[in-house]
Amino acid sequence: MLGFINWIASLLIGLLALLLVTFAFTHIASIDPVIRIVGDKASQATYDAKRAELGLDKPLPQQFLVYAGQVLRGDLGTSWSTGQPVASDLVRVFPATFELATVAIIIGGTLGVGLGLLAGLWPGGWRDSLVRVISLLGYSVPIFWLGLLSLLLFYARLHWFGGPGRQDVAFEFTTERRTGMVLIDTWLSGDMGAFRDAISHIALPALVLAFYSLAGISRLTRTAVLEELGKEYVVTARAKGAGQFRIIFRHVLPNIRASVITVVALSYAVLLEGAVFTETVFAWPGIGRYLTISMFAADVPAILGGTLVIGVCFIILNTLTDLIVGGLDPRLKP
Amino acid sequence: MTMTAVSPRRLSLWQLASRSPSATAGATILALILFVAAFAPWLAPYDPYQQDINIRLAAPSAAHWLGTDGFGRDILSRLIYGTRPTLLIISLVAVVMAPLGTAIGIIAGYYGGIVERVLMRFTDIVMSFPRLILAFAFVAVLGPGLLNAALALALTSWPPYARQARIQTRTMRKSDYMAGAEMVGIRGPRLLFGHVLPMVLPSTIVRVALDLAGMVLIAAGLGFIGLGVRPPTAEWGTMVADGTPVIFDQWWVAATPGFAILIASLAFNLLADGLRDLLDPRHG
């Protein structure tokens, strides 16, 4: 119980700190919001009146409270470029990112843990070297470049996958939007052609993102497996005649699950960030692409709204991992 | 009985190199990149800014080894000059991030108590932030540019240094070595920076190498989405972005600068891997 209260406290502090950061960003912005509205030819009186109307003449703590209140009510301001409320823009684009990142983490998590096991069980062999090279490349490759090259090769040259975007134009306007996640929506629509088309579109960006998460997951799994295999109880199990298969699935995996879950959950959070590049390259209409477009247009409310949403997901995932891992591994209980 | 000082055996450069081929490979590539950056004007076959619309998007040839971009500028020359902003941005990040984090960690670890709790809570909070997005938002809001980008990255990436330095300082606080130093009257900043810091430094350096690999990618990413150095400055990430619209036809325009980014990041990763193996045999 105490652990849970502690958890809630650190979550709230984290979220409050994030809110302080985005609030600070509005005040260091190089664009004066008053001048943006009244123009630089307005008289001082007009300027002051507008400034008072926006509440910018109030002391900073009071302004922060007003800002925090707005955010809590779900009001993230109005986008300067689209003129729409930022919150409704974000609700529209978020499912696409969620879908992409989830598919990516399922692929990346499975492959990463598998490769990590492979390397950890046969350390020093060719499998280990292969995994090491893959993870080194995963750490070093610029993901936007990998995305571009994979589009070039697998879409433009080999025609294995669908191109940029989530659907072909033929299906784009026939699929009814229910969840905002294109795989689910096309499945529900019953049009299998549309569903296959959606898969062929999501595959490439998801694979690229998965590769991005694979490096960290496989490396950590390898280290954990190696460490666990060196323990005495494994030697005992072997002495009692347990086979390799039994040792891995009965003994090693349950004992390293806490570290594996941690790294997969943290990678999932990082994928939400990595989506910024992938979505830009693959024209994937998610939060990442929304952010890059807003950043390019210096659309401050949209940038901060998007940052806030990703930040909240990030912090929740981070703290949630601590909680889950604490429950799984009694040694880590506070 | 004579006392022999226990000191790590000094290894010659050659011995070090044979112990860790990956560190050697990384260091060699980095030295090469530094060399290219320093002597860019002599190495580049053309002026990286000279446009020639007649030969725009030319394929690699004897005259232009890596072809030309959308303005007819020589890609090889731009790649060579592109080493400069990349190195500048990551060095700026390194000189802010590592000392800031290490100082916070040492102070927290040494003084303990409330100081430690406040500083580490703060560190945990910053650590749980999405650093890429925050850095990008910071640059987007403040205006693009190399200095803003470096500052944003440094301000969000110091926490691991603080955590690491704090743990090391704490384990050292009770050591005879520290007691000895305090007994002869060394305290305050001189104790922290003369006696604690040197013990924390090796692991900090490994971490810097590791982090810089990621910084190369993030810096390039900033350029790619248009938040890096201003055009027409040759910068690898921006060059990839320039090549994006023509990726299906003139793929080399985006492919070559991306490859340069990969090599630079790989060099830091190899160096960090090797250094870690050298300093910590457990990872061998």
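The values are calculated or read from the model by the stated rules, or taken from the named source; none is laboratory data. Since the structure is predicted, the reported quantities are computational estimates derived from the model, not experimental observations. Here the Cβ is made from the backbone with ideal geometry for all residues, glycine too, and neighbour counts use every protein chain on show. For accessibility, only protein heavy atoms count, side chains too; no ligands or nucleic acids. Shrake-Rupley method; radii C 1.70, N 1.55, O 1.52, S 1.80 Å.
Annotations for the structure displayed:
- Meets criteria (free of Cβ contacts under 8 Å to residues at least 40 places away in the same chain and assigned by TED's automatic domain parsing to the domain that holds A:V260) for A:V91: yes
- The set of residues in the range A:271-296 that are farther than 17 Å from A:L151 by Cβ, more than 8 Å from every other protein chain (Cβ to nearest Cβ), hydrophobic (A, V, I, L, M, F, W, C) and open to solvent by 10 Å² or more (accessible area, probe 1.4 Å) contains only A:I293.
- From the list A:V169, A:V252, A:V234, A:V182, the one residue that fits, being touching a residue at least 60 places away in the same chain (Cβ under 8 Å) and aliphatic (A, V, I, L, M), is A:V182.
- Residues that are open to solvent by 20 Å² or more (accessible area, probe 1.4 Å) and closer than 30 Å to B:P130 by Cα do occur in the range A:236-253, at least one of them.
- Residue in the range A:154-166 that is more than 30 Å from B:L210 (Cβ to Cβ), crowded, with 19+ Cβ neighbours inside 10 Å and within 14 Å of chain B (Cβ to nearest Cβ) present: yes
- For the range A:313-331, the set of residues classified as out of contact with any Pro (no Cβ under 9 Å at 6 or more places or on another chain), open to solvent by less than 50 Å² (accessible area, probe 1.4 Å) and closer than 17 Å to A:V270 by Cα consists of A:L317, A:N318, A:T319, A:T321, listed by residue number.
- Residue count for the range B:105-132 under the criterion of being polar (S, T, N, Q) and either outside any helix (DSSP H, G or I) or away from chain A (no Cβ under 14 Å) (or both): the result is 1.
- Scanning the range B:170-202 for residues that are among the aliphatic types (A, V, I, L, M) and assigned to a helix (DSSP H, G or I) yields B:M172, B:M178, B:A179, B:A181, B:M183, B:L191, B:L192, B:V196, B:L197, B:M199, B:V200, B:L201.
- Looking across the range A:122-142 at every residue that is open to solvent by less than 30 Å² (accessible area, probe 1.4 Å) and among the aliphatic types (A, V, I, L, M), the one that is farthest from the other protein chains (Cβ to nearest Cβ) is identified as A:V131.
- Any hit, the range A:244-254, residues being part of a helix (DSSP H, G or I), in the same structural domain as A:G116 (by TED's automatic domain parsing), of a type in the set (F, W, Y) and more than 21 Å from the chain's Cα centre (by Cα): yes
- Residue list for the range B:29-43, restricted to those being open to solvent by 80 Å² or more (accessible area, probe 1.4 Å) and in contact with a helix residue (DSSP H, G or I) (Cβ under 8 Å, 6 or more places away or on another chain): B:L34
- Residue match in the range B:208-221 (condition: without any contact (Cβ under 8 Å) to a residue 12 or more places away in the chain, among the aliphatic types (A, V, I, L, M) and part of a helix (DSSP H, G or I)): no
- All positions within the range B:216-248 that are at the interface with another protein chain (Cβ under 8 Å from one of its Cβ atoms) and open to solvent by 30 Å² or more (accessible area, probe 1.4 Å): B:G226, B:T244, B:F248
- Hits in the range A:187-205 - residues which are open to solvent by less than 30 Å² (accessible area, probe 1.4 Å) and within 23 Å of the chain's Cα centre (by Cα): A:A198, A:H201, A:I202, A:A203, A:L204, A:P205
Table: residues versus (1) over 19 Å from A:Y155 (Cα atoms); (2) in a loop (DSSP other than H, G, I, E, B); (3) open to solvent by 10 Å² or more (accessible area, probe 1.4 Å).
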position: B:Q250; (1), (2), (3): no, yes, yes
position: B:A254; (1), (2), (3): no, no, no
position: B:F259; (1), (2), (3): yes, no, yes
position: B:L262; (1), (2), (3): yes, no, yes
position: B:A267; (1), (2), (3): yes, no, no
position: B:A272; (1), (2), (3): yes, no, no
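- Residue check, B:L132 buried (at least 22 other Cβ atoms within 10 Å of the Cβ) and either in contact (Cβ under 8 Å) with a residue 12 or more places away in the chain or under 18 Å from the mean Cα position of the chain (by Cα) (or both): yes
- Filter result for the condition that a residue is open to solvent by 10 Å² or more (accessible area, probe 1.4 Å) and either assigned to a helix (DSSP H, G or I) or within 14 Å of chain B (Cβ to nearest Cβ) (or both), over A:S218, A:S259: A:S259
- Wholly enclosed helices (runs of 4 or more DSSP H) of the range A:14-121 bearing at least 2 residues within 27 Å of the chain's Cα centre (by Cα) and surrounded by fewer than 18 Cβ atoms within 10 Å (Cβ to Cβ): A:60-72, A:86-121
- Count - residues of the range B:136-154 that are at the interface with chain A (Cβ under 10 Å from one of its Cβ atoms) and on the phi < 0 side of the Ramachandran plot: 9
- Filtered by the rule that a residue be part of a loop (DSSP other than H, G, I, E, B), among the hydroxyl-bearing types (S, T, Y) and crowded, with 16+ Cβ neighbours inside 10 Å, the range B:44-93 gives a lone residue, B:Y46.
- Tally of residues being assigned to a helix (DSSP H, G or I) and at the interface with chain B (Cβ under 7 Å from one of its Cβ atoms) across the range A:297-318: 9
- Whichever residue in the range B:163-204 is within 28 Å of the chain's Cα centre (by Cα) and among the small types (G, A, S) and, among such residues, is nearest to B:D273 (Cα to Cα): B:S203
- Where a residue in the range B:97-125 is closer than 12 Å to B:R163 by Cα and its partner, wherever it lies, is acidic (D, E), with Cβ under 9 Å and at least six apart: B:A98/B:D211; B:I107/B:E116; B:A108/B:E116; B:G109/B:E116
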